[in-house]
Amino acid sequence: MQTAFQTHAAALKTSKILRPVSAETSAAARFGVMPMPNLAWTPEVERETAHLYEKVKAVIPPVEWPFHAPYVKAINDLKKERNAVILAHNYQTPEIYNCVADVVGDSLQLAKLATRTQADIIVQGGVHFMAETSKLLNPGKTVLIPDSKAGCSLAESITGADVRLLRQRYPGVPVVAYVNTSAEVKAEVDICCTSSNALKVVESLGSDRVIFLPDRYLAMNVQAQTKVKIIAWHGACEVHERFTAEELLRYREDDPSIQIIAHPECPPEVVAVSDFAGSTAAMIDFVKTKQPKRVLLVTECSMASNVEAETKGTEFIKPCNLCPHMKRITLPKILESLVYMREEVTIDPALAERARRSVERMIELG
Ligand code: SF4
């Protein structure tokens with residue numbers, strides 16, 4: 001039996017998504033390659049990055065800053081020269097999120113905010129499906145991902161061919177795709193959703209049955225709130241499915257006043273013992289508005305550090321499951337991306353048109 005990864009790799013071989021880019025039309029040919037900047041730790045670098053270190057000193061020890069700072073300065077200089085912006089997902093490391101990103105947020109916030117930028121180039125601090133969504137919503141811009149192998153266990157669990165088979169099996173049943181899917185999958189579905197609007201999207205379709213993909217846990221968490229019968233795909237986020245209700249209850253036993261907030265990609269029993277469940281943006285909002293004394297963030301590890309860097313008076317407990325895909329994006333790779341103009345994200349225009357419609361239907365829903 002094929003693993004989800006093998007299925008995805010086989011699908012990519014036959015997919016129309018990855019349009020070949022010739023050397024003449026590549027981003028490097030269009031924009032030119034820059035010389036690699038000097039990356040020495042000098043008094044000038046220390047001085048010019050001091051205000052940025054102030055933002056992250058709670059989460060990055062002083063001994064580490066001389067390694068990050070030369071990259072931070074070089075990236076920020078190069079962004080101006082290239083007229084580029086960096087979009088960073090909430091799961092990016094603190095030095096990326098706080099020191100080089102122009103826009104931060106969850107995947108949809110990033111893509112939507114990117115449509116307002118005047119920049120020519122978008123560098124995606126996130127995984128591949130996010131870069132594709134940015135390209136879908138910003139077809140005229142050059143979108144780069146610093147490591148094209150930055151995947152996602154959810155996006156890789158399903159292909160466009162799988163969606164077509166689901167439609168054959170359940171004729172007439174509308175299909176909702178979580179944004180954590182490839183453009184190829186988005187092109188086959190009726191509408192997309194995020195973790196914050198999934199319930200609203202499912203109920204907007206006026207059907208008593210809905211196919212929901214690819215996250216089975218998000219599907220179960222939505223099913224608990226609606227009478228619409230959800231037919232779920234079997235994908236899962238490898239970061240969030242590892243949390244258990246037992247481990248959260250042990251924290252609660254140690255400190256009954258602790259606030260536990262979880263992402264809805266977690267199993268339903270984890271959400272059931274949490275005080276709040278919501279998207280990464282909703283979790284950040286919860287912490288900033290409620291200002292709990294102690295909070296347990298049941299999500300990817302870097303997000304807790306990023307919120308911690310921006311919040312005073314709240315103690316963060318971090319169970320710390322790292323997303324290995326998000327961690328493929330580093331400062332050195334972002335710099336190389338801007339210097340060499342790689343890896344460019346391209347999508348077949350006809351496929352992009354269909355995929356964009358699914359995303360825009362969701363946005364129109366408000
Ligand atoms: S945290 Fe989970 S959903 Fe997000 S990119 Fe990593 S594997 Fe995918």
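The values are calculated or read from the model by the stated rules, or taken from the named source; none is laboratory data. Quantities reported herein were computed from a predicted structural model and do not represent experimental measurements. Backbone-built Cβ (ideal geometry, glycine too); neighbour counts: all protein chains shown. Accessible surface areas use protein heavy atoms only, side chains included; no ligands, DNA or RNA. Shrake-Rupley method; radii C 1.70, N 1.55, O 1.52, S 1.80 Å.
Summary of values
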{"read-out": "Odd one out for VAL295 among (1) open to solvent by less than 10 Å² (accessible area, probe 1.4 Å); (2) more than 25 Å from ALA224 (Cβ to Cβ)", "value": "(2)"}
{"read-out": "Residue within segment 98-108 that is out of contact with any His (no Cβ under 9 Å at 6 or more places or on another chain) and free of Cβ contacts under 8 Å to residues at least 24 places away in the same chain present", "value": "yes"}
{"read-out": "Sole exception among (1) β-branched (Val, Ile, Thr); (2) away from the ligand (no atom under 13 Å from the Cβ); (3) buried (at least 24 other Cβ atoms within 10 Å of the Cβ) for THR142, by number", "value": "(3)"}
{"read-out": "Among the residues listed as ASP275, ASP254, the single one being free of Cβ contacts under 8 Å to residues at least 60 places away in the same chain, more than 15 Å from THR299 (Cβ to Cβ) and away from the ligand (no atom under 13 Å from the Cβ)", "value": "ASP254"}
{"read-out": "In segment 31-56, the residues that are in contact (Cβ under 8 Å) with a residue 60 or more places away in the chain and either in contact with a Ser or Thr (Cβ under 9 Å, 6 or more places away or on another chain) or among the acidic types (Asp, Glu) (or both)", "value": "PHE31, VAL56"}
{"read-out": "Qualifying strands (runs of 3 or more DSSP E) (wholly inside segment 119-236; at least 3 residues being within 14 Å of the chain's Cα centre (by Cα) and in contact (Cβ under 8 Å) with a residue 12 or more places away in the chain)", "value": "121-125"}
{"read-out": "Scope segment 156-168; condition open to solvent by 10 Å² or more (accessible area, probe 1.4 Å), within 13 Å of the ligand (Cβ to nearest atom) and not acidic (Asp, Glu); matching residues", "value": "SER157"}
{"read-out": "Residue among GLU95, GLU54, GLU81, GLU64 that is closer than 22 Å to ASP285 by Cα, outside any strand (DSSP E or B), more than 16 Å from the ligand (Cβ to nearest atom) and acidic (Asp, Glu)", "value": "GLU95"}
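Conditions tested, residue by residue: (1) surrounded by 16 or more Cβ atoms within 10 Å (Cβ to Cβ); (2) within 25 Å of CYS192 (Cβ to Cβ).
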| position | (1), (2) |
| --- | --- |
| LYS312 | no, no |
| ARG328 | yes, yes |
| ILE334 | yes, no |
| VAL339 | yes, no |
